[in-house]
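Peer 1: So that we are looking at the same thing, I have put the structure below in structure tokens.
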Amino acid sequence: MLKNYFKLTLRHLLKYRTYSFINIAGLAVGMTCCILILLYVRDEQRYDRFHERAERIFRLTLSTENDEQPTNANTSFAQGPALAADFPEVEAVVRFRKMGWGEKRVFAHDDNRFYEERFFFADKNVFEVFSFPFLRGNPQTALAEPFSIVITEAMSQKYFGHDNPLGETISLDPYNDGEFSDYKITGVLKNLPHYSHIKFDFLASFASQKDLAVMEGRRGWGLESAFTYVLLKPDVSVASVQANLPAFLERHVGKEHWYSLHLQPLTEIRLHSKLRAELEPNGDIAYVYIFSAIAVFILLIACINFMNLATAQSAQRTKEVGMRKVVGAVRAELVKQFLIESICLSLFALIIAFILIEASLPLLNNIVGKQIEIAYANNWPFVATMLGLALLTGVVAGSYPAFFLSASRPIESLTGKTSGGKKAAAVLRKGLVIFQFAISVILVVCTTVVYYQMQYIRHKNLGFERDTIIVAPLNDQIRHSYRAAKQALLQNSNLLAMTATEQVPAKAGNGAGYTVEGLDEPQGLTRFFADQDFLKTYGIGIAAGRDFDEKISTDAAGAFLVNEAFVRMAEWKSPAEAIGRNITMSHGGQAYPGKIVGVVKDFNISSFRETVWPLVINVMPMDKLNFISFRLARQNVTETLEYLSSAWSKFAPSYPFDYYFLDDDFARLHQADQQLGRVFQTFAFLAIGIACLGLFGLAAFTAERRTKEIGVRKVLGATVTNVVGLLSKDFVKLVLWANLIAWPVAWYAMNRWLQDFAYRINIGLWTFVLSGGIALLIALTTVSFQTIKAALANPVESLRYE
Amino acid sequence: MIQLKSLFKYYSNKFVKTYVLQDINLQIQQGEFVTIMGPSGSGKSTLLHIIGMLDEPNDGEYHFFDQPVHKLNEKQRSELHKNYIGFVFQSYHLIDELTVYENLETPLLYQKVKTTERKSMIADILDRFQIVAKKDLFPNQLSGGHQQLVGIARAVIVNPKLILADEPTGNLNSAQGEEIMNLFKKLHQEGTTIIQVTHSEKNATYGSRIVHLLDGRVDRDVQVS
Ligand SMILES: Nc1ncnc2c1ncn2[C@@H]1O[C@H](COP(=O)(O)OP(=O)(O)O)[C@@H](O)[C@H]1O
Ligand SMILES: [Mg+2]
């Protein structure tokens, strides 16, 4: 019996080639989308789960807000050891130290000298808590000694040209202060998977830090670039530890602390965490949901094609059904037959889908910035999931036709007498087409909105000139000769200005405590250390007071600038009210008293999802600064960069010139949104494609069914245009209905998405009209292939068989 | 074998009921060869479909052997139908996508006949109808006469107690028609009950009894010798 069904399925496929193609192609593309998204979702969900003890690892986070919602992923250096000592529930604590804001550091071995970004100091027990896979060396002792370092496979190849550099040394300048030290290689790790939120190529022993005593002592409880992970003992409740954190903090820093501490599960970091100073931009659970929904919808659109074409084709099929009933088929057997047929089709589509997936996986990886691959061998859960998907698709797509067709009464189907079911089927068919196009229009609207929001972000005035600014890491050789270097470099007329700062926009978020005259409580605010040229170089405007002035000697120590957001926070009536107030910064266990001399216009230093934070700018000595920013003239950029590079090497021979455009860094802040945009774009395109494929089939079917009518009309004098109009009218109506449904849904969804942005576009009506228009145009074009063909046909041909 | 008591069949079109069959009372014994005749539209096919359980009457009783068909549900009716009845149509109604062999196989599949047995039954019937050479052809590659042969073979293959034939020779030339009628005669001699609808007086002579329908009623019911 089964064999019979398969044979029949195959013959059917061959007999109705167009329909088969539409069905299989649609299902294959739908499945491809679905599987790709499934792969993406699974990848997002496996972040950090490869650590054996993942369920027991928590990240210490910090909140500077009164509502105690965690705000910062970075903590301080004394907290970890104190936690380990105070809490019996804690099995181990590991700290990672990111140097500065993750600026690159120079590593050297013989002539191999490179800037490297992925570098941390880590506590010696890091490999007891985390399960980063070792290739060589002993995880227990690798980071026990000062000046030991563990590197990845890739670095081993890069610096040593082989995979066993144990015992060899690599030289680095971790503080970027010109002081190189030799680190002994004590371990080689497998390259880290992309699904680790902590990514590094070098991990140096914590004891190697020359300022460890200060960092754990005087600066032990400030906001530093320490990332603290806590391994709890088995069966310990996080809540109980969490509950004791306020008391813990009070014990160590006293009542006057400006932040609170929190524990965040390691496995939630990737999809549920959006803090300042995250080690990398995280994913977003909302996007996982959105993408999953899109996957389901695309597959559904393909299934609908199948249903629609099957019911449209039912004229042919019901005859067969009738005959089968006459020779003894009961309904269940017919349902089975049709289901087997659709499952066969979807299995076939699955095979094609895998060809498509192999072809498009690099594209997906490119869009989402991952290295997802499919392990086929011995991956039974995967195989089972895929077969399950095909089965489900087959059943969803096939069930309606199966029940619809098998229900027809044999005599009606044989004699061709119409029954009520057909009308219902036609109504349902229309409903399903409306649904398909509604989804497509929603996706098009989303694509448009995301696109324009991204454009807006790219071009919005940040409060400074971002597209002409390049940033390079500052090093000690430059620091020592900064004045001379500045004078020499600015000789080039295409180098308009330069400034040294501790952080740079898009990489800022470090804070400090501030006591301000007129405000009761000490404030934890974002700090910005710079030299006197910062505002000039970035082109930031002044709202009140004045900029730093090199001629005023007190500016180097006691002058502070605040931004407009600060004034709003302080609830002062005007920026002018801020001028002259006393302000004291406590940073690194030291107090820096001074006066507010100016208020700067607000400028964005972080993503557009955030409003501009209150910010305090002051001048700090060169050794506190990490970056150098240049403003370039818009012309001759290549030449200017070449000039900079060669001039740089005169002042800093040990440090290669390494720079990036500030603009690119800002773009990176919105990477996830950019991805969303591209995913929408791709899937909107596919959704419309699949929906149109179905429409093409339906149009063919309608044209065929109405051949005789068209013939008669033409004999009576209808023109080609009349006929095309007549045939297209129904489809146009469907697409218009689809728009009516899609607009409010899309408006609601996109409005919610935009709410996350502090700075956002307004969705204009034209977005909807445009998207609907595009969908309509595409639909009409699709249908026109069939209608024009039908309209051009010789009427005599179609009437001859009367 | 078949007992119809005051059977009615009508189609309602908006507010008007059109009666196709009115108060049909008919008894047919096992082993009879009955011909139903009557003008076009008199309800012959409808009656045949009802007897074949492909259609339901609106009113009246239908007993098949001792089963009250009018009280059975769809599933029970399909069971009865598939075990006892073979149907032959004027327009053959073979499944286009299946070869002759597969068309013959289909009813056996639905009866869940085992593979080996099935093969021998098909081989047997192909032989009996002398269409062995055509077994791998598709219906549209056959002449009308051959298609009808296959149609009858498909009805006969399950050894039905009752064969219903609706103008089986209507689309055939006279030589082909005669061949088919001889086949029915042989089947009848072997003990199968046959009910045929025909317009041809000559074909009617093959049977033992003629039921004349007129406007949905039994007009005359005569035995032929
Ligand atoms: N599904 C139907 N709906 C409405 N009228 C029908 C339907 N089927 C048959 N009829 C009508 O019933 C009458 C009898 O049809 P039928 O039994 O096919 O006659 P015959 O086979 O004697 O030519 C005809 O007038 C036909 O139009
Ligand atoms: Mg008839």
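Peer 1: Six or more apart or on different chains, Cβ atoms under 7 Å: show the pairs whose first residue is in segment B:85-99 and within 7 Å of chain A (Cβ to nearest Cβ) and whose second is within 15 Å of ligand 1 (Cβ to nearest atom).
Peer 2: B:Phe87/B:Gly52; B:Phe87/B:Leu164; B:His93/A:Leu414
Peer 1: Could you go through segment A:39-48 and let me know if any residue there is part of a helix (DSSP H, G or I), more than 20 Å from A:Val230 (Cα to Cα) and open to solvent by 30 Å² or more (accessible area, probe 1.4 Å). Even if it seems obvious, please write down each step before you answer.
Peer 2: Taking segment A:39-48 first, the residues part of a helix (DSSP H, G or I) are A:39-45.
The next check asks that each one be more than 20 Å from A:Val230 (Cα to Cα); those that pass are A:39-45.
Add one more test, that the residue is open to solvent by 30 Å² or more (accessible area, probe 1.4 Å), and what stays is A:42, A:45.
Yes, there is a match, as at least one residue in segment A:39-48 is part of a helix (DSSP H, G or I), more than 20 Å from A:Val230 (Cα to Cα) and open to solvent by 30 Å² or more (accessible area, probe 1.4 Å).
Peer 1: Follow-up. Step by step: first the residues of segment B:156-172, then only those that are within 11 Å of chain A (Cβ to nearest Cβ) and modelled with pLDDT of 90 or more, then the one that is nearest to B:Val100 (Cα to Cα). Which residue is that?
Peer 2: Residues of segment B:156-172 within 11 Å of chain A (Cβ to nearest Cβ): B:157-158, B:160, B:164, B:166.
So of that shortlist, the ones also modelled with pLDDT of 90 or more come out as B:157, B:160, B:164, B:166.
On the way: B:Ile157: 13, B:Pro160: 19, B:Leu164: 21, B:Asp166: 21 Å.
Within segment B:156-172, the match that is nearest to B:Val100 (Cα to Cα) is B:Ile157.
Peer 1: Still on this structure, please answer the following. Can you give me the number of residues within segment A:683-723 that are at pLDDT 85 or above and either open to solvent by 20 Å² or more (accessible area, probe 1.4 Å) or part of a loop (DSSP other than H, G, I, E, B) (or both)?
Peer 2: Final tally of qualifying residues: 5.
Peer 1: Restricting attention to segment A:54-82, which residues are in contact with a Pro (Cβ under 9 Å, 6 or more places away or on another chain) and either small (Gly, Ala, Ser) or open to solvent by less than 10 Å² (accessible area, probe 1.4 Å) (or both)?
Peer 2: Passing the criteria: A:Ala54, A:Ile57, A:Arg59, A:Thr61, A:Leu62, A:Ser63.
Peer 1: Please state which of the following conditions A:Val296 fails to meet, knowing it meets all the rest: (1) assigned to a helix (DSSP H, G or I); (2) at positive phi.
Peer 2: Condition not satisfied by A:Val296: (2).
Peer 1: In this structure, does A:Ser360 turn out to be polar (S, T, N, Q) and open to solvent by less than 20 Å² (accessible area, probe 1.4 Å)?
Peer 2: Details: polar (S, T, N, Q): yes; open to solvent by less than 20 Å² (accessible area, probe 1.4 Å): no.
No, not satisfied.
Peer 1: Now, a different point. Can you name every one of the strands (runs of 3 or more DSSP E) wholly within segment A:463-580 that holds 2 or more residues which are open to solvent by less than 20 Å² (accessible area, probe 1.4 Å)?
Peer 2: On the way: elements: A:469-473, A:495-501, A:511-516, A:523-530, A:542-545, A:559-563.
Once the strands (runs of 3 or more DSSP E) in segment A:463-580 are filtered for at least 2 residues that are open to solvent by less than 20 Å² (accessible area, probe 1.4 Å), what remains is A:469-473, A:495-501, A:511-516, A:523-530, A:559-563.
Peer 1: Filter segment A:1-18 for residues that are within 14 Å of another protein chain (Cβ to nearest Cβ), assigned to a helix (DSSP H, G or I) and open to solvent by less than 90 Å² (accessible area, probe 1.4 Å) and give the result. Steps first, answer last, please.
Peer 2: Filtering segment A:1-18 down to residues within 14 Å of another protein chain (Cβ to nearest Cβ) leaves A:1-17.
Remaining after also requiring assigned to a helix (DSSP H, G or I): A:2-15, A:17.
Of everything in segment A:1-18, those that are within 14 Å of another protein chain (Cβ to nearest Cβ), assigned to a helix (DSSP H, G or I) and open to solvent by less than 90 Å² (accessible area, probe 1.4 Å) turn out to be A:Asn4, A:Tyr5, A:Lys7, A:Leu8, A:Thr9, A:Arg11, A:His12, A:Leu13.
Peer 1: Scan segment B:38-48 and tell me whether some residue there is more than 16 Å from ligand 2 (Cβ to nearest atom) and either under 23 Å from B:Ile194 (Cβ atoms) or in contact with a helix residue (DSSP H, G or I) (Cβ under 9 Å, 6 or more places away or on another chain) (or both). First the steps, then the outcome.
Peer 2: The first filter runs over segment B:38-48 and keeps only residues more than 16 Å from ligand 2 (Cβ to nearest atom), leaving none.
Scanning segment B:38-48, I find no residue that is more than 16 Å from ligand 2 (Cβ to nearest atom) and either under 23 Å from B:Ile194 (Cβ atoms) or in contact with a helix residue (DSSP H, G or I) (Cβ under 9 Å, 6 or more places away or on another chain) (or both), so the answer is no.
Peer 1: Out of the strands (runs of 3 or more DSSP E) lying entirely within segment B:155-225, which hold 2 or more residues that are open to solvent by 10 Å² or more (accessible area, probe 1.4 Å) and in contact with a Pro (Cβ under 8 Å, 6 or more places away or on another chain)? Spell out the reasoning first.
Peer 2: Working: elements: B:162-166, B:193-197, B:209-214, B:217-223.
Here the list is empty.
Peer 1: Taking into account only those residues within segment B:56-79 that are under 17 Å from B:Ile28 (Cα atoms) and either part of a loop (DSSP other than H, G, I, E, B) or within 14 Å of another protein chain (Cβ to nearest Cβ) (or both), which is least open to solvent (accessible area, probe 1.4 Å)?
Peer 2: Applying the filter and picking the extreme gives B:Phe65.
Peer 1: Mind checking which residues of segment B:80-91 are open to solvent by less than 30 Å² (accessible area, probe 1.4 Å) and away from ligand 1 (no atom under 16 Å from the Cβ)? Break it down stepwise before answering.
Peer 2: Quick first cut of segment B:80-91, residues open to solvent by less than 30 Å² (accessible area, probe 1.4 Å) only: B:80-82, B:85-89.
B:Leu80, B:His81, B:Lys82, B:Ile85, B:Gly86 - these are the residues of segment B:80-91 that are open to solvent by less than 30 Å² (accessible area, probe 1.4 Å) and away from ligand 1 (no atom under 16 Å from the Cβ).
Conditions (1) among the β-branched types (Val, Ile, Thr); (2) within 26 Å of A:Phe683 (Cβ to Cβ), marked per residue:
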| site | (1), (2) |
| --- | --- |
| A:Ala310 | no, yes |
| A:Ser314 | no, no |
| A:Thr318 | yes, no |
| A:Val321 | yes, no |
| A:Arg331 | no, no |
| A:Leu361 | no, yes |
| A:Val368 | yes, yes |
| A:Ala377 | no, no |
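Peer 1: Also: If you check every pair at least six apart or on different chains, which have Cβ atoms under 8 Å apart with a residue in segment A:400-412 that is more than 16 Å from ligand 1 (Cβ to nearest atom) and in a helix (DSSP H, G or I) first and a residue that is open to solvent by less than 20 Å² (accessible area, probe 1.4 Å) and modelled with pLDDT under 75 second?
Peer 2: Close Cβ pairs satisfying both conditions: A:Pro401/A:Ser314; A:Phe404/A:Ser314; A:Leu405/A:Ser314.
Peer 1: Next up: Can you tell me which residues in segment B:21-55 are more than 12 Å from ligand 1 (Cβ to nearest atom), in a strand (DSSP E or B) and open to solvent by 40 Å² or more (accessible area, probe 1.4 Å)?
Peer 2: Once the filter is applied, which keeps residues that are more than 12 Å from ligand 1 (Cβ to nearest atom), in a strand (DSSP E or B) and open to solvent by 40 Å² or more (accessible area, probe 1.4 Å), segment B:21-55 yields B:Asp23, B:Asn25, B:Gln27.
Peer 1: In segment A:221-242, is there at least one residue being touching a Phe, Trp or Tyr at 6+ places or on another chain (Cβ under 9 Å), surrounded by 18 or more Cβ atoms within 10 Å (Cβ to Cβ) and among the polar types (S, T, N, Q)?
Peer 2: Scanning segment A:221-242 turns up at least one residue that is touching a Phe, Trp or Tyr at 6+ places or on another chain (Cβ under 9 Å), surrounded by 18 or more Cβ atoms within 10 Å (Cβ to Cβ) and among the polar types (S, T, N, Q).
The values are calculated or read from the model by the stated rules, or taken from the named source; none is laboratory data. Predicted, not measured: the structure shown is a model, and the values here were computed from it. Ideal geometry is used to build each Cβ from the backbone, glycine not excepted, and the neighbour counts take in all protein chains shown. Side chains are part of the model used for accessible areas, which takes the heavy atoms of the whole protein and leaves out ligands, DNA and RNA. Shrake-Rupley method; radii C 1.70, N 1.55, O 1.52, S 1.80 Å.
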